[in-house]
Amino acid sequence: MGRRKSGRPTSIDIAYKAGVSQPTVSRALRGDTSVSAATRERIESIARELNYAVDRNASSLRTQRSDTIALLIFEDPTPDDSMINPFFVAMLGSITRACARQGLDLLVSFQRMEDDWHQRYHDSHRADGLILLGYGDYRQYEERLEQLKEQGTSYARWGSVSSDAGGSTIGSDNFGAGRLAGEHLLERGRRKVAFLGRVDDNAPEFAQRYRGMVAALEEAGIPPDHALQSDAITTEKAGRAAMSALIAEGKPFDAVFAASDLIAIGAMQVLAENGYSVPDDVAVIGFDNIAAASLTTPPLTTIMQDVQGAGQRLVDMLLAQIEGGERPDPRLETRLIVRGSTGG
């Protein structure tokens, strides 16, 4: 293997010093996981030593890639004007860092589901692939995903792994998380558990959380009361409406599992307004561990999703599609954060 004698350092120079092939250097500097971590670190160290910088224009011409990923965040109704689910705001940082580690540029935009975002990005060639966060009604969203597949557009999304036959989804173990919530409430002596959130095909993540909770109750020999389920989307307003409806029906309950923290926060407001003490009368548990969850009165017990791991996993999933590599494990584990709303 020859080495250049003069001029700016090249990937061939790095390959010479590292004792590997030039294609191995290229893969390592792209963050390709087919290169071992030890080899990748050695190559990166030599690249820094030689002050080597990737020629992005030349690389793009060779690969016909833009080395750019587009992150599309779909609007959600929120109490403020942001129209961004706070859970996805937290995930944004981890996706940005994951792209930086891979040497990728990131375009971030906010979309409405009813717009032609799927066609626009396909036609513009502005990005090599899409990362999708949020969807609202999954049935409408699913139609757009089918169109992306037909176009040959690479994409990775955050959502319900169990509802994705195409293998492009990263998501939490929602069933396991629901079971975790149910088991925690049972340990607190609660037996009549209400669930706030939709449980149909329009909201597959919520439905899996509900089924996991039901499984925990059934395993404990407690038949779940499905009449204690009340529909809600991920807003405080919806949480208030769902909680108000349950109270108006007059059915007894001693715990609430809300499909998101925002729903739980709205529910806790209504419980307080109606004279219920949390957690003495009603234990409440949410989902997401958004920043506001620790600021409620009492602080909200919740299920935390792996936000940091999610960003890296989404980028890895998308690159695996673009480059034909092995796809990562789509499911991320969750963790129970116990606070005052369940007597923690």
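The values are calculated or read from the model by the stated rules, or taken from the named source; none is laboratory data. The structure displayed is predicted, hence computed values, not measured ones. Quick reminder, even Gly has a Cβ in these numbers, built from the backbone with ideal geometry, and neighbours come from all protein chains shown. Note: areas computed on protein heavy atoms with side chains; ligands, DNA, RNA excluded. Shrake-Rupley method; radii C 1.70, N 1.55, O 1.52, S 1.80 Å.
At-a-glance table
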item: Given (1) crowded, with 24+ Cβ neighbours inside 10 Å; (2) within 21 Å of the chain's Cα centre (by Cα); (3) at pLDDT 95 or above, number of the condition I337 does not satisfy; result: (1)
item: Extreme residue, farthest from I290 (Cα to Cα), among residues of region 223-245 that are among the aliphatic types (A, V, I, L, M) and open to solvent by 30 Å² or more (accessible area, probe 1.4 Å); result: A227
item: Subset of region 97-115 (residues that are modelled with pLDDT of 65 or more and not in a helix (DSSP H, G or I)); result: Q102, G103, L104, D105, L106, L107, V108, S109, F110, Q111, R112
item: So S160, is it in contact with an Asp or Glu (Cβ under 8 Å, 6 or more places away or on another chain) and open to solvent by less than 40 Å² (accessible area, probe 1.4 Å); result: yes
item: In region 297-334, residue surrounded by the fewest Cβ atoms within 10 Å (Cβ to Cβ) [restricted to those that are among the β-branched types (V, I, T) and out of contact with any helix residue (DSSP H, G or I) (no Cβ under 6 Å at 6 or more places or on another chain)]; result: T297
item: Selection count, region 254-296, where residues are crowded, with 24+ Cβ neighbours inside 10 Å, not hydrophobic (A, V, I, L, M, F, W, C) and not in a helix (DSSP H, G or I); result: 3
item: Residue in region 190-207 that is of a type outside the set (A, V, I, L, M), touching a Gly at 6+ places or on another chain (Cβ under 8 Å) and surrounded by fewer than 20 Cβ atoms within 10 Å (Cβ to Cβ) present; result: no
item: Pick from region 31-74, criterion outside any helix (DSSP H, G or I) and open to solvent by 80 Å² or more (accessible area, probe 1.4 Å), ranking: modelled with the lowest pLDDT; result: Q64
item: Checklist (1) open to solvent by 60 Å² or more (accessible area, probe 1.4 Å); (2) of a type in the set (A, V, I, L, M); (3) in a loop (DSSP other than H, G, I, E, B) applied to A248, failing item; result: (3)
item: Condition check for A28: open to solvent by less than 70 Å² (accessible area, probe 1.4 Å) and modelled with pLDDT of 85 or more; result: no
item: Inter-residue pairs, beta-carbon under 6 Å, first without any contact (Cβ under 8 Å) to a residue 40 or more places away in the chain and in region 304-333, second of a type in the set (D, E, K, R) and in a loop (DSSP other than H, G, I, E, B), 6+ apart; result: A320/R327
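The rows are residues; the columns are (1) within 30 Å of I69 (Cβ to Cβ); (2) free of Cβ contacts under 8 Å to residues at least 12 places away in the same chain; (3) part of a strand (DSSP E or B).
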site: L130; (1), (2), (3): yes, no, yes
site: Q140; (1), (2), (3): yes, no, no
site: E143; (1), (2), (3): yes, yes, no
site: G178; (1), (2), (3): no, no, no
site: A181; (1), (2), (3): no, no, no
site: A194; (1), (2), (3): no, no, yes
site: R209; (1), (2), (3): yes, no, no
